[in-house]
Amino acid sequence: MNLFDNFKDPELCKVLLDRIHSELDGELRFMEVCGTHTVSIFRSGVRSLLSDKVVHLSGPGCPVCVTHDSEVAAFLELAGKNAIITTFGDLMRVPGPDKKSLKSAQAEGARVKIVYSPFDALKIAQDNPGDKVVFLGVGFETTAPAIAATVKVAREQGISNFSVLCFHKLVPPALDALVGDPDLKVQAFLLPGHVSAIIGVEPYRFLAEKHGLPAVVAGFEPVDILQALHLFVTMRGEGRAEVVNAYRRVVSDAGNPKAVSVMNEVFEPADALWRGIGLIPGSGLTVREEYAAFDAMRVFGMELKDVPEIKGCRCGDVLKGKLSPEKCPLFGKACTPAAPVGPCMVSTEGSCAAYYKYRV
Amino acid sequence: MCLAIPMEVLKIDGQSAEVQVGGTRQTVRLDLISEFPEVGDFVIVHAGFALTRLDREEAIATLKLFEEGLNIELV
């Protein structure tokens, strides 16, 4: 067996599950804040094997889902300008004002291209020197450094027709805002493995130190997730609450200082709007003055506008763990993956889409 | 969206590397990786960039902890 396949080993999963269930005292309500964890917990079958006492809550871990209505409106505004829009595929069907999306804008003639990497967008800019090419920058700390590195290369190579619409979001300030909500009944956090590969463990310490909440940086295989749950149970049994790195094969405690430095060279923290949560101070990134020529907001003279929220959509409550997707009146009826009303049903990593696909 | 895939490094060319997983080959950027990989290493790839090297020693250490803590045989 491949060394890394051990982290999928069914026998090891069974041992961990037995330990969790036999050692758990009371109820364990844990929240994950990563779309890849959401999908992994369902797809691996882990969720179906957990007892009723282990309650899985899916938080604001899908960047597409937390992108605010006014930011979606900005994508659509940009699609109406004379520019080539490049984007990760996840954003294409996200509904904005008047039920418009990038996909419908594309059908009406906007030049919207899906790319796998921001670097591919830069190549499109090189190949089309007479056009302005914009990359839609969404994503957490995992993604922001890749976009920052692309902007740096654009400047080094003098590619002046490339810019980024920067709506990146940061995980720790959102967690801080969430745990400050007295209605949130979460006892432990499963921390996002790949965000942590960039920022390390230190930025999460406040969860344990300020709020007494245990938190575990975990990988995405079933053994990784069950190991984290077992650590929560163990810590509770011993009366401890700590932030633990259990994904050491990928995450070093210090993170990736080079990626952080590239990200901080091009971007700086700014207040940001989150769907369902609202404005969180310092929870987003904006393009630094030195790189203003690559900031689509400045290049196109745009500002975020107030837009009405999607009618009837409860994605905001779902993202805060206050409403289970299937309790939303629209779920599976007016809102399905084929005809989504809200972003949590659009993105394959959205909680609603995962519940719909894997519900048991 | 933070999905990242472990891929094996086949070739390194300046700030780019050719990597593969399950028959899929692609070129990724190395601008962000702190510890430059060698051919044969596995790197975690996200949006066309290698973010970090997958650490075999740490993987073995974690599995050894399971063996001791759970009294089972793995590696």
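Only the coordinates and a few stated rules stand behind these numbers; no lab work does. What you are looking at is a predicted structure, and each value in this text was computed from that prediction instead of being measured. Don't worry about glycine lacking a Cβ; one is built from the backbone with ideal geometry, like all the others, and counts go over all protein chains shown.
First check a/c for the protein assembly as shown, with a ≥ b ≥ c the square roots of the eigenvalues of its C-alpha gyration tensor; if it is under 1.5, answer rounded, and if not, answer prolate when a/b is larger than b/c or oblate otherwise.
In terms of gyration-tensor shape, oblate.
Over the whole of A:211-219, what's the average partner chain Cβ count within 10 Å per residue? Rounded to a whole number, please.
Counting other chains' Cβ atoms within 10 Å and averaging over A:211-219 gives 0.
Mind checking the stretch A:105-209 for GluC sites (Glu not before Pro) that DSSP puts in a loop (not H, G, I, E or B) and that have at most 15 other Cβ atoms within 10 Å?
In loop regions of the stretch A:105-209 (DSSP not H, G, I, E or B), the sparsely surrounded GluC sites (Glu not before Pro) are A:Glu108.
What shape does the stretch B:5-70 take by its C-alpha gyration tensor, where a ≥ b ≥ c are the square roots of the eigenvalues and a/c under 1.5 counts as rounded, a/b above b/c as prolate, and the rest as oblate?
Prolate is the answer for the stretch B:5-70, as a/c is 1.5 or above and a/b outweighs b/c.
Expected output is a single nm value to one decimal: the length gained when fully extending between A:Glu290 and A:Tyr116, i.e. 0.36 nm times separation in residues minus the C-alpha distance. What is it?
60.0 nm
Rounded to the nearest Å, what's the spacing between the alpha carbon centres of the stretch A:25-73 and the stretch B:16-60? Just the number, please.
That distance is 27 Å.
Starting from the Cα-Cα distance between A:Arg359 and A:Thr234, subtract it from 0.36 nm times their residue separation and give me the gain in nm to one decimal.
Here the answer is 42.1 nm.
Given a cut-off of 32 Å, name the pairs among A:Lys14/A:Lys103; A:Lys123/A:Lys258; A:Lys357/B:Lys64; A:Lys81/A:Lys322; A:Lys152/A:Lys311; A:Lys99/A:Lys357 whose C-alpha atoms lie farther apart than that in the structure shown.
Those over the limit are A:Lys14/A:Lys103; A:Lys357/B:Lys64; A:Lys81/A:Lys322; A:Lys152/A:Lys311.
Computed FRET efficiency, Cβ-Cβ of A:Ala334 and A:His211, R0 51 Å: what is it to the nearest 0.05?
0.85
Specify whether the C-alpha gyration tensor of the stretch A:81-207 places it in the rounded, prolate or oblate class, a ≥ b ≥ c being the square roots of the eigenvalues: rounded for a/c under 1.5, otherwise prolate if a/b is larger than b/c and oblate if not.
Taking the square roots of the gyration eigenvalues as a ≥ b ≥ c, the stretch A:81-207 is oblate.
What spacing in nm lies between the two simple spin-label points modelled at A:Asn2 and A:Lys123, each 7 Å away from Cα in the Cβ direction?
2.5
Round to a whole angstrom and tell me the spacing of the C-alpha centers of the stretch A:188-258 and the stretch A:105-132.
Computed from Cα coordinates, the inter-centre distance equals 38 Å.
Can you give the average number of partner chain beta-carbon atoms within 10 Å of each beta-carbon in peptide B:24-30, as a whole number?
2
Averaged across A:27-35, how many Cβ atoms of other chains sit within 10 Å of each residue's Cβ atom?
1
In nm, to one decimal, how far is the A:Arg298 label point from the B:Thr24 one, both placed 7 Å along Cα→Cβ?
A separation of 3.6 nm, rounded to one decimal place.
Just for chain A, what percent of DSSP beta bridges are antiparallel, to the closest 5?
Of the beta bridges lying entirely in chain A, close to 25 percent run antiparallel.
Would you list A:Met345, B:Met1, A:Met235 from fewest to most Cβ contacts within 10 Å?
Placing the least packed residue first, the sequence is A:Met235, B:Met1, A:Met345.
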